[in-house]
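Heads up, the thing below is written out as structure tokens.
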Amino acid sequence: MAAAALALFVVMMLIAGALRTLIQRRRTGDSGNRRTLSPRGSLGWSALTATDIGYLMVGVGGPLAHWLGLSPMSVLQHLPVYVLGVALAVMGILTAFGAQMALGASWRIGVDQNERTALVTGGPFGWVRNPIFTAVLVALLGLALMVPNLVALIGWFLAFTGIEAQVRRIEEPHLKRVHGEPYARYAARVGRFLPGLGRLRTGRHDTTKVRHTDREADGGQHA
């Protein structure tokens, strides 16, 4: 299962990373990559770095640790768990790519505080606000269950923590500032990672604030 987990991780990186970037560049002339705009040591940089390390711990570190003799957690060392892991990994990879494509020209990696793209609220974004991240976390969970050792499981929690920080502290404030009341209404209606969970409360004061700041800067939607 370690070899299969590593292979699926490589497939995920090729599909959701390289292929999606190539499609974006061919369609728009822009790769959509804004990662380098986060200064080293900043919150955005730290969140992206933690997420990347988590990805590598799950997809590469877990299999390597297995081959080096690290035992899987006994409670998870069962065939049904491995099968579930494969199913979640495949489903997560395909769903992540589908959600990326649903963003169209608005797809970005990272945040450019001076950029504005269309606010996408349909398709999978009508179910949750961050379907790409949800699908990626599902895929990583599947990979971790295929090689259920401490390296892979800790990596999953690190990736989740990095994604949480990126979404809550970087992307959501940016989208509120850029899109104002439309985003506030959307975020109050649609959950963050799961349907109905993580909806943002918006009062009159918040609505007035986002309407005011909407005039101050441009921006877009990311994943």
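Summary of values
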read-out	value
³J(HN,Hα) computed for each position of region 86-100 - Karplus, 6.51 cos²θ - 1.76 cosθ + 1.60, integer Hz, glycine/proline x	4, 4, 5, 5, 5, 4, x, 4, 5, 5, 4, 5, x, 5, 4
Whole-Hz ³J(HN,Hα) from phi, Karplus 6.51 cos²θ - 1.76 cosθ + 1.60, for region 146-162, glycine and proline x	6, 10, x, 9, 5, 4, 5, 5, 5, x, 4, 5, 5, 4, 4, 4, x
Global geometry of region 49-115, whether rounded, prolate or oblate, following the gyration tensor of its Cα atoms and the 1.5 cut on a/c	oblate
Estimated dipole of the chain in Debye, rounded to 20 [Cβ of Lys and Arg +1, of Asp and Glu -1, Cα centre]	600 debye
Mean-position separation - Cα centroids, region 88-117 and region 146-170, in angstrom	18 Å
The chain: radius of gyration over Cα atoms, expressed as a fraction of 2.2 N^0.38 Å	1.06
Ellipticity estimate at 222 nm from DSSP helix runs (n ≥ 4, -39,500 (n - 2.57)) divided over the chain, nearest 500	-17500 deg cm²/dmol
Principal-axis tilt of helix 43-56 within the chain, Cα atoms, nearest 10 degrees	30 degrees
Backbone HN-Hα couplings from phi across region 106-123 [Karplus 6.51/-1.76/1.60, Hz, Gly and Pro as x]	7, 5, 9, 10, x, 10, 9, 5, 9, 10, 10, 10, 5, 7, 8, 10, x, x
Amide proton proximity set for N33, modelled H, under 5 Å, gap of 5+	I109
Normalised convex hull volume, region 14-143, alpha-carbon set, Å³ per residue	135 Å³
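We did not get these values from a lab; they are worked out from the coordinates using the rules stated. As the structure is a prediction and not an experimental result, all values here were calculated from the model. All Cβ positions, even for glycine, are placed from backbone atoms using ideal geometry, and neighbour counts span all protein chains on display.
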